[in-house]
Amino acid sequence: MASATTDQQRLRDLAVLRRVRDRIDRDFAKPLDVEALARDAHLSAGHLSREFRRAYGEPPYRYLMTRRIERAMALLRRGDLTVTEVCFAVGCSSLGTFTTRFTELVGMPPGAYRRAEAAATRGMPACVAKQVTKPVRKSIGKSVRNREAPACGLSLA
């Protein structure tokens, strides 16, 4: 009986974490911090961070920053906004922090990315460009957001 209760609680906890993740996905450009997310989920910030990491493989702040960088990459590929405009459009309040996080995830500063990728993805549908240019944490060599398995030798050609 205790096992069923534990399983039910775990499912309720996962539902709360999914709502937090969905909020980050939806409101990434708004001012968000772990304390506010935790308060709205009726959890402590430490507990939210631990459980979110356990469920999704990374803490909520890193997930938020990855989401912001993904959106920044799309805006930079468009080429009609400056790096500073992109920084503020994705919810970052510090150009320095934005540039540092962008460089960590993408492997090059936003200005260099803008120059390199604007031409490389020209004419490519946005949904394909997003998948092709998905940020990969260089130090661990795997997709940050979804912990995807490496490609199995499939070719699109």
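Computed FRET efficiency, Cβ-Cβ of residue 112 and residue 53, R0 22 Å: what is it to the nearest 0.05?
Working: r = 31 Å, r/R0 = 1.40.
Using R0 = 22 Å, I get an efficiency of 0.10.
Calculate, in nm to one decimal, what residue 30 and residue 99 gain on full extension: separation in residues at 0.36 nm each, minus their alpha carbon distance.
Gain on extension, residue 30 to residue 99, equals 23.0 nm.
Please compute the modelled spin-label separation between residue 40 and residue 14, points set 7 Å along Cα→Cβ, answer in nm with one decimal.
If labels sit at residue 14 and residue 40, their model points lie 2.3 nm apart.
Expected output is a single nm value to one decimal: the length gained when fully extending between residue 6 and residue 119, i.e. 0.36 nm times separation in residues minus the C-alpha distance. What is it?
Between residue 6 and residue 119, full extension yields 35.4 nm more.
Only the coordinates and a few stated rules stand behind these numbers; no lab work does. Computed from a predicted model, the values in this text were never measured in an experiment. When we count neighbours, we look across all protein chains shown, and the Cβ atoms used for this are built from the backbone with ideal geometry, even at glycine.
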